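J.: Before I ask anything, let me first share the structure, which is written out below as structure tokens.
The values are calculated or read from the model by the stated rules, or taken from the named source; none is laboratory data. Everything quoted here is computed from the prediction, not taken from an experiment. So basically every Cβ, Gly included, is an ideal-geometry build from the backbone, and we count neighbours across all protein chains shown.
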Amino acid sequence: MWGIIRQKVGTGGISAPSMERIRPAVSAWRCYSSSGKEMTVRDALNSALDEEMSADPKVYVMGEEVGEYQGAYKITKGLLDKYGPERVVDTPITEAGFAGIGVGSAYYGLRPVIEFMTFNFSMQAIDHIINSAAKSNYMSAGQINVPIVFRGPNGAAAGVGAQHSQCFAAWYASCPGLKVLAPYSSEDARGLLKAAIRDPDPVVFLENELLYGESFPVSAEVLDSSFCLPIGKAKIEREGKDVTITAFSKMVGYALKVINLRSIRPLDRATINASVRKTNRLVTVEEGFAQHGVGAEICTSVIEDSFGYLDAPVERISGADVPTPYAANLERMAFPQIEDIVRAAQRACFRSVPMAAAA
Amino acid sequence: MSLIHRSSGLLKPLAAGPASLLRRPFSSATDDDATKITVETSVPFTGHRIDPPSRTIDTTPKELMTFFVDMARMRRMEIAADSLYKSKLIRGFCHLYDGQEAVAVGMEAAITRKDCIITAYRDHCIFLGRGGTLLEAFAELMGRKAGCSKGKGGSMHFYKKDGGFYGGHGIVGAQVPLGCGLAFAQKYSKEDHVTFALYGDGAANQGQLFEALNMAALWDLPAILVCENNHYGMGTAEWRAAKSPAYYKRGDYVPGLKVDGMDVFAVKQACKFAKEHVLKNGPIILEMDTYRYHGHSMSDPGSTYRTRDEISGVRQERDPIERIRKLILSHDIASEKELKDIEKKARKEVDEAIAQAKESPMPEPSELFTNVYVKDHGVE
């Protein structure tokens, strides 16, 4: 049911010029890729880890079930056999402990990739992510840098309930000293994970469980072991001309004409604002809670930088302001669906008169 | 070359002919290394799941004098910091280490700069022991450019990576998993070096300590957890915070040693022993029985939860510098006057460093935005 959801537009009343037909099938992509190869996000992450571990003996993986279990979500499959238990380290269920050990080893110069089974569990270790990792380079005026990656699934899965469904993008992205990345496609997964591992600063790498099994086309360039994506650059998946829609991670698949943020911190404000200056309208999309969310930041950024260009109020679509319910119908209501994005885009497009217009 | 035996380091010298051979001014270094002096620690070590090392230790006049000089310098630095704080040149938090000098000095004497030390926020003297200078310390405390963290860290965030000192941490207990991480990296890199992760009796109850200790034991990491038990976690006495204040036993399956932390020789012996142990056997806990004369920090008079008699009692009976002074005098290694001169010299050194630190400017405004990242991606 999940995956790249495509919906036929054109039923009942949607006649805005901005809403073009969304492609009906994934297979349409195949015609456009040059190598004709596809790769799941899972394999993309696995191959990225493998290549970076092969290239740099200081890179190691640590977390629960990363070794013998082959990874709770099989992201680290095969790595234990290839690199041995010294470099693929199974831990007890003690996030505060192993996150701290990871950061300490990074102080010394190793390049750990710490896996949280989901980012919900990262809260047990968040002191080490923020106070031990993010702030060290600053507090030591450059003496102690922390080349660590914290990675794992973030946000909602399906039916896992309130304690296992939160999106932490806004939490981590508010903290100076961290870099926060959120891949969508396999290309994103490979390029951004490689960039994260090679980066000398702490990186929070937010994956999505429901994307792991999704396949995306990958070019020969993406498959090359030197492939790397820049941190801090968003990708315009397809240029829209009537409204700028921003999204990250799974939500990117919900809209065709969208800016795939890829990087939450640093946020690619330049690309977002340049797009809004052309379309004059903004809708942000995220799974996480609205208050103090990623969308709130983007909306404010656009108001600060491009207010004069806006023809409609900026709008953020986000998860419902509730702990995630279990019942399938309620859960569906708790997260943005394509209809919500469509409605928001329409609102943005039809409000051509400024809200504050007065005689 | 004579050998003088001491049954407990504080007694008068044997009245024998050879004693006169030992009388020399400190400045002459001719036989200082060749002369062996044997001392005993104040109390024997107590072991948990381990046979403790001997309480009989060999030393030299040179080492004794070095201990005195180093501890006097540390003591002077902390007292001066107290005055600077009261004159508002130091802001925020300032946690002083006077009374605990023997731990910093004894540990340093047992290890190399390739071994790592990590501690909490009472870090000024450890920084000095690792090769940090008085100027860097005072400048950092006063928030100046010449500080070890360029003024951006403050009292709790001193670092000296090239000296194997990884800070300086403000979150109680966090430094213990970090220290186990340093040990992990040392083992991963196949080095024969160890990490000392220092924490207080307050931090000893932190869950993350036990998480890290469990992994250190599982993976045989060369990690030495050192509990600097000064008996008060801020204002809470150990018996009010810990059901079991026998911190050297709290590792359960991990061996431990209880050490008189006011006796620099006991500290040195324990650290030497621990280093050898962990390189072969995985982690160990050292509990240093020590004492801080100041309150928890400069905001704490230190008298609402303990008596002045207790403080002065420790100062009388157990002061680490006094212990070494008596040893030096009883072995005729230096005279009272020479020792007083050393203390005067330390005071002068400290005063000069403070004067120099006061000259150092505050960081440039542009420094507000530097070092957030190593690799900036053109962020605003």
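J.: Within the stretch B:195-209, work out how many residues are in contact with a Cys (Cβ under 9 Å, 6 or more places away or on another chain) and either of a type in the set (V, I, T) or more than 10 Å from chain A (Cβ to nearest Cβ) (or both).
T.: Looking only at that region, the number is 8.
J.: Of (1) surrounded by fewer than 16 Cβ atoms within 10 Å (Cβ to Cβ); (2) farther than 30 Å from B:V254 by Cα, B:P363 satisfies all except one. Which?
T.: (1)
J.: Follow-up. Going by the conditions given, is B:A120 without any contact (Cβ under 8 Å) to a residue 12 or more places away in the chain and either within 8 Å of chain A (Cβ to nearest Cβ) or in contact with a Phe, Trp or Tyr (Cβ under 8 Å, 6 or more places away or on another chain) (or both)? So that I can check it myself, show each step before the final result.
T.: Numbers: without any contact (Cβ under 8 Å) to a residue 12 or more places away in the chain: no; either within 8 Å of chain A (Cβ to nearest Cβ) or in contact with a Phe, Trp or Tyr (Cβ under 8 Å, 6 or more places away or on another chain) (or both): yes.
Taking the combined requirement at face value, the residue does not satisfy it.
J.: Name the pairs: first residue in the stretch B:156-167 and more than 8 Å from every other protein chain (Cβ to nearest Cβ), second residue among the hydroxyl-bearing types (S, T, Y) and in a strand (DSSP E or B), Cβ to Cβ under 9 Å, at least 6 apart or on different chains?
T.: Hits for this filter: B:G164/B:T195.
J.: Another question, then. Within the stretch A:191-214, can you find the residues that are among the aromatic types (F, W, Y) and out of contact with any Gly (no Cβ under 9 Å at 6 or more places or on another chain)?
T.: The answer is A:Y212, and nothing else.
J.: Of B:D220, B:D192, which residue is surrounded by fewer than 20 Cβ atoms within 10 Å (Cβ to Cβ), within 14 Å of another protein chain (Cβ to nearest Cβ) and over 27 Å from A:N131 (Cβ atoms)?
T.: B:D220
J.: Give the residues of the stretch A:159-193 that are part of a helix (DSSP H, G or I) and within 14 Å of chain B (Cβ to nearest Cβ), sorted by residue number.
T.: The answer is A:A173, A:L192.
J.: Going by the structure shown, is B:D58 of a type outside the set (G, A, S), modelled with pLDDT of 95 or more, under 18 Å from B:R323 (Cα atoms) and surrounded by fewer than 24 Cβ atoms within 10 Å (Cβ to Cβ)?
T.: So B:D58 fits the description; yes.
J.: Restricting attention to strands (runs of 3 or more DSSP E) lying wholly within the stretch A:218-289, give those where 1 or more residues are within 14 Å of chain B (Cβ to nearest Cβ) and at pLDDT 95 or above.
T.: A:263-265
J.: Have a look at B:A212, B:A174 and point out the one that is facing chain A (nearest Cβ under 8 Å), surrounded by 21 or more Cβ atoms within 10 Å (Cβ to Cβ), more than 18 Å from B:I284 (Cβ to Cβ) and touching a Gly at 6+ places or on another chain (Cβ under 7 Å).
T.: Working: B:A212 fails: more than 18 Å from B:I284 (Cβ to Cβ).
Step by step, each of B:A212, B:A174 is checked, and only B:A174 is facing chain A (nearest Cβ under 8 Å), surrounded by 21 or more Cβ atoms within 10 Å (Cβ to Cβ), more than 18 Å from B:I284 (Cβ to Cβ) and touching a Gly at 6+ places or on another chain (Cβ under 7 Å).
J.: Can I ask one more? Exactly one condition in (1) within 18 Å of the chain's Cα centre (by Cα); (2) on the phi < 0 side of the Ramachandran plot; (3) within 14 Å of another protein chain (Cβ to nearest Cβ) is not met by B:E140; state its number.
T.: In the conditions (1) within 18 Å of the chain's Cα centre (by Cα); (2) on the phi < 0 side of the Ramachandran plot; (3) within 14 Å of another protein chain (Cβ to nearest Cβ), B:E140 misses (1) alone.
J.: Which of the numbered conditions does B:E140 fail, given that it passes all the others? Conditions: (1) in contact with a Cys (Cβ under 8 Å, 6 or more places away or on another chain); (2) acidic (D, E); (3) under 18 Å from B:A223 (Cβ atoms).
T.: Every condition holds for B:E140 apart from (3).
J.: When B:L339 is evaluated against the numbered criteria (1) aliphatic (A, V, I, L, M); (2) free of Cβ contacts under 8 Å to residues at least 40 places away in the same chain; (3) touching a helix residue (DSSP H, G or I) at 6+ places or on another chain (Cβ under 9 Å), which criterion, by number, is the only one it fails?
T.: Tallying (1) aliphatic (A, V, I, L, M); (2) free of Cβ contacts under 8 Å to residues at least 40 places away in the same chain; (3) touching a helix residue (DSSP H, G or I) at 6+ places or on another chain (Cβ under 9 Å), B:L339 fails exactly one: (2).
J.: Oh, and also: Residue under question is A:S122, and the condition is that it be out of contact with any Leu (no Cβ under 8 Å at 6 or more places or on another chain), closer than 24 Å to B:L209 by Cβ and facing chain B (nearest Cβ under 8 Å); does it hold? Give the steps one after another, and end with the answer.
T.: On the way: out of contact with any Leu (no Cβ under 8 Å at 6 or more places or on another chain): yes; closer than 24 Å to B:L209 by Cβ: yes; facing chain B (nearest Cβ under 8 Å): no.
So A:S122 does not fit the description; no.
J.: If you don't mind, another one. Restricting to the stretch B:258-304, name every residue that is crowded, with 24+ Cβ neighbours inside 10 Å, within 17 Å of the chain's Cα centre (by Cα) and farther than 23 Å from B:I321 by Cα.
T.: Answer for the stretch B:258-304, where residues must be crowded, with 24+ Cβ neighbours inside 10 Å, within 17 Å of the chain's Cα centre (by Cα) and farther than 23 Å from B:I321 by Cα: B:A274, B:I285.
J.: The conditions are (1) in contact with a strand residue (DSSP E or B) (Cβ under 6 Å, 6 or more places away or on another chain); (2) farther than 29 Å from A:C175 by Cα, and A:V285 fails exactly one of them. Which is it?
T.: With respect to (1) in contact with a strand residue (DSSP E or B) (Cβ under 6 Å, 6 or more places away or on another chain); (2) farther than 29 Å from A:C175 by Cα, A:V285 is out only on (2).
J.: Please verify whether the stretch B:236-244 includes one or more residues that are free of Cβ contacts under 8 Å to residues at least 60 places away in the same chain, within 14 Å of chain A (Cβ to nearest Cβ), of a type outside the set (S, T, Y) and touching a Gly at 6+ places or on another chain (Cβ under 8 Å).
T.: no
J.: Separate question: Can you tell me which residues in the stretch A:59-85 are buried (at least 17 other Cβ atoms within 10 Å of the Cβ) and outside any loop (DSSP other than H, G, I, E, B)?
T.: Residues satisfying the conditions are A:V59, A:Y60, A:V61, A:M62, A:G63, A:L79, A:L80, A:Y83.
For every residue, the table says whether it meets (1) hydrophobic (A, V, I, L, M, F, W, C); (2) more than 8 Å from chain B (Cβ to nearest Cβ); (3) under 20 Å from the mean Cα position of the chain (by Cα).
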{"position": "A:N131", "(1), (2), (3)": "no, no, no"}
{"position": "A:N137", "(1), (2), (3)": "no, no, no"}
{"position": "A:V146", "(1), (2), (3)": "yes, yes, no"}
{"position": "A:G155", "(1), (2), (3)": "no, yes, yes"}
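J.: Give the stretch A:284-306 a look and list any residue that's over 23 Å from A:A157 (Cβ atoms) and either touching a Gly at 6+ places or on another chain (Cβ under 9 Å) or of a type in the set (S, T, Y) (or both), or say none.
T.: Hits for the stretch A:284-306 are A:T300, A:S301, A:S306.
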